[in-house]
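All remarks here apply to the structure that follows.
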Amino acid sequence: MRNNLLIYSLAFLCTCTILRAENTPAHTPQLGKSSLDEVIGAMTLEEKAHLVIGTGMAGFTNGGTAVVGETQDIVPGAAGTTYAIPRLGIPAIVLVDGPAGLRISPTREGDTATYYCTHFPIGTLLASTWNQELVESVGQAIGNEVLEYGADVLLAPALNIHRNPLCGRNFEYYSEDPVVSGKIAAAYVRGVQSNGVGTSIKHFAANNQESNRMSMDAHVSPRALREIYLKGFEIAVREANPWTVMSSYNYLNGIYTSENPELLTTLLRDEWGFRGMVMTDWFGGSDAVAQMKAGNDMLQPGFDKQYEAIVAGVQDGILDEAILNRNVKRILELILQTPRFRGYQFSNKPDLKAHATVTRQSATEGMVLLKNDGETLPLKSDVKKIALFGCTSYDFVAGGTGSGNVNRAYTVSLSDGLANVGFQVDEVLKRLYEDHLAELKRKAPKKNPMASFLSTKRPAEIALTTEQIREQAEKADVALVTLGRMSGEFLDRKLADFSLKAEEMQLVESVCKVFHAVGKKVVVILNIGGVIETASWKHLPDAILCAWQAGQEGGNSVADVLSGKASPSGKLATTFPLKYEDAASSTNFPTDGAMSGLNLFNHGEKKSEKKLWDYTDYEEDIYVGYRYFDSFGKEVSYPFGYGLSYTTFTYSRPRIQAKNNVYTISVKIKNTGKHAGKEVVQLYVAAPNSAQLNKPEKELKAFAKTHELQPGESATVTLSVNADDLASYDEASSSWVVDAGTYNFLIGASSRDIRATLTAKVAASIRQTSDIIRPIEPIKTLKR
């Protein structure tokens, strides 16, 4: 009996073991431990569809009211997250807005701690430094905050071209020149990514106006695209390897950029060798299946309609699952690099004090001294008392609005900055302005979160009497007048914003007249994000400092420059025309500042009815900025590359050497003045005339900045240019063509201040490319 029981027991145990084996799932692949192909093979169609779109956005379910570009998952206030699949070891990663610092919520429900971020200088200021090493250091500081606040990818930098002075997001962008844009962007990317976090270079491509940005069709010739609007992105991709690229909202020659395989695959990946991931701008594009096919790997922030379209597309045979797998693989490759996947234990405590020092110091190097008659600046040691005019002096603008804004702990006003370095700001005048600003704030209607997010309105100036100004002139040693502008996302600047308002002009005229009558100086500070008109009034003050928007330490940075603690070494990366109408794109850019609209889900049918709204013809072609002004002999207020210093520099011993299709140029720079300073050396090239290709008078090909030179000190600056960089794009043959002949290599302090000319004979060459992204109809383009 016992033997029978033993037999029965053994049989029962064997049966249970067999049943348990049959009910246990096979080994489940895990990200990082299994091959990507194994992980993708284990994913369901539904999981793949979820992974290629974001996880949505709080308040947006086809009609919400939350602030655009903000989600509350994982890191509150981050722009978005990716979909987690825990069973396969796939975590969600966090995407945060930039580029002047990361944008997250500064406070959290039920948490007494604060999560402020550092507001660094705007893109236009960083470009005006012309200092790639400095920009890389700023990127390192920004990337550290991304890392320590638990984010994975910074949605920056933005490097669209300053096509027109009125673009609302020019403050985020770098320059009218693609070489400056690309080199500065590459430095920023290297700096951020040195922390082991990612970047997303944006907005790819031709996103040069905010008006109707989600439905506007940019009509651009292949040559202008290749030479101007894509070149900066190419430089950043090749030199810095950004983890991701963000496609833009607009149509480009009839096709949404996020749905264009020629742009996202043929050009970006096949020609340039990009190996990262592409994501949409938030709510960008219209057809999820077309986006998948084009190589737009991830759709952000993601919503149900996109998920359903992708699943149905595969099931119905419209979307090849192999394409979906390809996109999924690129996303997984991104996730593998992130701090969150690596299990980094973030602190939520970046060194904000150290980063405030970085932004204060870096901003001074991008401020541009436009005028300095009689060595008004730096302010002399006997200058103690300052009459500080203008609302912006007491309400300093750190940066622009929208997703490029940063939730910071403070902004240093110019008033406080001057006090911090020992100047005495007149208390009577200060109280007058502070009371005025408080009253305007009290009377202002309460704004909803979206209105606050987008507001660019600046306070109206006080109508001071001549007697009030005269009282200040009697007491003060010098007068400072600050003029402010603010721009941002969703709308372009109005034409009226380009010029001084009547009350601003009256203020400048009155202060200059009264102070000059008693032999005292006047300095104008421009706290602006983009170009304004200066020609009609620049003769009035003794000095003009373009301080741009310097971030949260702006007032301290300006005070450092005014006092001489820092020497300005910025140069303009964008031209200041005499008047708006002088810009080549002025007849092909909207000037009414109309709101682009917030219908994020239903873009409607593509229209081609209203010029500058439904479509914009880039008729100026390659003649953007100085390429136009210099080639067509247009006078300007301040040229590209211009900027004064507290010292002077000489250029000597220019040399050129050609070897292995590389042209190496050197020049000796000597500080011949009384102050320490840095100089930006700019190398332009003038190509020989071509029967086939219309060419600009000159084009920037390289630049470098000296270290700080003491009085009497010299340094040799060396620049190099590859022969391929001398090519122009020939649309007829879809190729980069270098014409044979004698090229002039122009060493300059600005585009209109050429200090030395060297020549070299260059051999002809042709480099074939893909024939892509052509306009549906030919565009009438500008020719020399």
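Cross-link pairs exceeding 28 Å in C-alpha to C-alpha distance, out of 521/571; 231/674; 538/611; 441/521; 705/783; 371/520, comprise 231/674; 538/611; 441/521; 705/783. Spin-label pair residue 468-residue 734: with each label point 7 Å from Cα along the Cα-Cβ axis, the two points sit 6.5 nm from one another. Of all DSSP bridge pairs formed entirely within the chain, close to 60 percent run antiparallel.
Work out the length of the dipole vector of the chain about its Cα centre, built from +1 on the beta-carbon of each Lys and Arg and -1 on the beta-carbon of each Asp and Glu, and round it to the nearest 20 debye.
Numbers: 81 positive and 88 negative charges, 306 e Å.
Its charge dipole is roughly 1460 debye.
Placing unit charges on the Cβ atoms of the charged side chains and taking the dipole of region 687-748 about its Cα centre, the candidate lying farthest along the positive direction among 743, 716, 694 is 716.
In region 298-348, what GluC sites (Glu not before Pro) fall in a loop by DSSP, with at most 14 other Cβ atoms inside 10 Å? Mind dumping the intermediate values first?
On the way: sites: 308, 321, 333; in loops: none.
Listed in order of number, the matching sites amount to none.
Backbone geometry of region 625-641 corresponds, through the Karplus equation with coefficients 6.51, -1.76 and 1.60 at θ = phi - 60°, to 3J(HN,Hα) couplings of x, 4, 4, 7, 4, 6, 6, 10, x, 8, 5, 10, 6, 9, x, 4, x Hz, x marking Gly and Pro. So which of 678/701; 183/380; 668/701; 446/494 end up more than 27 Å apart, counting from Cα to Cα? Checking Cα-Cα distances, 183/380 exceed 27 Å. Label separation (residue 614 vs residue 475): 6.0 nm, computed from points 7 Å beyond Cα along the C-beta direction.
Sequence gap at least 6, Cα distance under 8 Å: using those rules, report the relative contact order of region 43-194 to the nearest whole percent. Walk me through the numbers before you get to the answer.
Working: 265 pairs, mean separation 30.2, N = 152.
Answer for region 43-194 is 20 percent.
Starting from the 7 Å offset along Cα-to-Cβ, what nm value, one decimal, do you get for the label separation of residue 113 and residue 241? Using points 7 Å along Cα→Cβ, the separation is 3.3 nm.
Ranked highest first by the average count of other Cβ atoms within 10 Å around their residues, in what order do 485-492, 762-769, 545-552 fall?
Listed from highest to lowest mean packing, they are 545-552, 485-492, 762-769.
Taking R0 as 22 Å, what's the FRET efficiency between residue 435 and residue 502 from their Cβ-Cβ distance, rounded to 0.05? Intermediate values should be presented prior to the final figure.
On the way: r = 23 Å, r/R0 = 1.03.
Step by step, r from the Cβ atoms, then E = 0.45.
When nucleic acids and ligands are ignored and a 1.4 Å probe is applied, residue 97 ends up with an accessible area of around 10 Å².
Hey, which lysines would be in cross-link range of residue 33, C-alpha to C-alpha under 27 Å, not counting anything within fewer than 8 residues on its own chain? Counting by Cα, and skipping residues close in sequence, residue 33 has these lysines nearby: 48, 329. Think of the chain as a dipole: +1 on every Lys or Arg Cβ, -1 on every Asp or Glu Cβ, centred on the Cα centre; then among 381, 685, 364, 381 lies furthest on the positive end. Each peptide in 618-627, 235-244, 657-666 gets a packing score, the mean of other Cβ atoms within 10 Å over its residues, and the list from highest to lowest is 618-627, 235-244, 657-666. For residue 389, the amide hydrogen comes within under 5 Å of the amide hydrogens of 480, 481, 482, counting only partners 5 or more places away or on other chains and with H modelled in the peptide plane. Over the C-alpha atoms of the chain, the Rg to Rh ratio, Rh being the Kirkwood estimate, stands at 1.03. Amide H contacts of residue 77 (H built 1.01 Å from N, in plane; Pro and chain starts excluded): 71, 72, 105 sit under 5 Å, all sequence-distant by 5 or more or on other chains. Here the relative contact order of the chain, from alpha carbon pairs under 8 Å that lie six or more residues apart, stands at 14 percent. Within the accessible surface of the chain, defined with a 1.4 Å probe on protein heavy atoms only, the carbon and sulfur portion equals 50 percent.
I'd like the FRET efficiency for residue 357 and residue 194, computed as 1/(1 + (r/R0)^6) with the beta carbon distance as r and R0 of 22 Å, rounded to 0.05. Spell out each step's value before the answer.
Working: r = 19 Å, r/R0 = 0.84.
Calculated value: 0.75.
The values are calculated or read from the model by the stated rules, or taken from the named source; none is laboratory data. Treat the numbers as computed from the prediction; the structure is a model and nothing was measured. Quick reminder, even Gly has a Cβ in these numbers, built from the backbone with ideal geometry, and neighbours come from all protein chains shown. In case anyone asks, the SASA skips ligands and DNA or RNA and just uses the protein heavy atoms, side chains included. Shrake-Rupley method; radii C 1.70, N 1.55, O 1.52, S 1.80 Å.
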